[in-house]
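Q: Quick one: structure below, then a few questions.
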Ligand SMILES: Nc1ncnc2c1ncn2[C@@H]1O[C@H](COP(=O)(O)OP(=O)(O)O)[C@@H](O)[C@H]1O
Ligand SMILES: [Mg+2]
């Protein structure tokens, strides 16, 4: 089976991108799938959640990170650039049904911010314009992903906030784009701007790469307050329009201490259900089901 690539992105920070990546990766793995998580955020939050502090320090020390890979690809003559060298297989310390979850990690580090800037500078000096830079990086990462897609059923990409070159590349490589959104006024305002710029903006129109799939908004950090009810309803009404730039998951992720606590268990070895608690485990199972439906069930 050819693995599906899911990019989790939003221009805003703090909306639950990393929480979604970790929760969905673990729920997909608990459901029996092999999952690769690629961390493209220099804040390395997904990396620390999955690897723990000591293992992440070792990966960074040995250059086994996405920035290490980009450095090998574009700047080093000594080492052959290879995702597999940088991927840490079986990183998860979370157990389910008598086995550790089958999750691998391509970690990130704070150095990624610098490497991305150096890379753009180098390619700009070589007279590539922004579209060509995206295309060059897209082709390098797509080539590596071919093998990863063969070995994993799902590849989840945790994007950095903003609209960076790497985010553009991820969105164009993805079979599905998930946009976690807090249903409040400012977050949904940012959401419109984000969808417009990526799906209908200048780069999307000019580029020779395929147009990204219509994204799925995931309502996150949902609280029982009036504004959340209103915006959640508005988002659902919007998806019904032909002109809508997005679809919306039926599943919503509630604001719960259990989620913040689960993300903090970086050196623990709990079971999946213990880690997330019964309510969130069940929400994550719903999200997994909907994600699979969207990727495999929808033949329209
Ligand atoms: N559903 C939730 N309920 C409670 N806390 C959450 C929830 N989702 C995320 N958080 C917390 O909010 C903060 C931001 O979430 P995070 O996933 O890191 O966002 P992003 O990756 O978009 O910046 C983190 O401290 C996380 O623990
Ligand atoms: Mg994050």
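The values are calculated or read from the model by the stated rules, or taken from the named source; none is laboratory data. Computed from a prediction, not measured in an experiment: that's the story for all the values here. Virtual Cβ from ideal backbone geometry, glycine too; neighbours counted across all protein chains shown.
Q: Does segment 7-25 include one or more residues that are buried (at least 19 other Cβ atoms within 10 Å of the Cβ) and at positive phi?
A: Within segment 7-25, one or more residues are buried (at least 19 other Cβ atoms within 10 Å of the Cβ) and at positive phi.
Q: Can you tell me how many residues within segment 23-62 are within 13 Å of ligand 2 (Cβ to nearest atom), out of contact with any strand residue (DSSP E or B) (no Cβ under 8 Å at 6 or more places or on another chain) and closer than 20 Å to residue 112 by Cβ?
A: 4
Q: Another one. If I ask for residues that are at pLDDT 95 or above and away from ligand 2 (no atom under 16 Å from the Cβ), which ones from segment 256-269 would you list? Please lay out each step first, then the result.
A: So in segment 256-269, the residues at pLDDT 95 or above come out as 256-263.
Of everything in segment 256-269, those that are at pLDDT 95 or above and away from ligand 2 (no atom under 16 Å from the Cβ) turn out to be 256, 257, 258, 261.
Q: Checking residue 97 against (1) buried (at least 24 other Cβ atoms within 10 Å of the Cβ); (2) touching a residue at least 60 places away in the same chain (Cβ under 8 Å); (3) farther than 24 Å from residue 137 by Cα, which single condition isn't satisfied?
A: (1)
Q: Is one or more of the residues making up segment 67-77 surrounded by 19 or more Cβ atoms within 10 Å (Cβ to Cβ), closer than 25 Å to residue 20 by Cα and in contact with a strand residue (DSSP E or B) (Cβ under 7 Å, 6 or more places away or on another chain)?
A: no
Q: Sticking with this structure for a sec: Can you name the residue in segment 149-162 that is surrounded by fewer than 19 Cβ atoms within 10 Å (Cβ to Cβ) and closer than 16 Å to residue 13 by Cβ and is also nearest to ligand 1 (Cβ to nearest atom) among such residues? If you could, list the steps in order and put the result at the bottom.
A: Taking segment 149-162 and keeping what is surrounded by fewer than 19 Cβ atoms within 10 Å (Cβ to Cβ), we get 150-151, 161-162.
Okay, now just the ones that are also closer than 16 Å to residue 13 by Cβ, so 161-162.
Working: 161: 6, 162: 11 Å.
The residue in question is 161.
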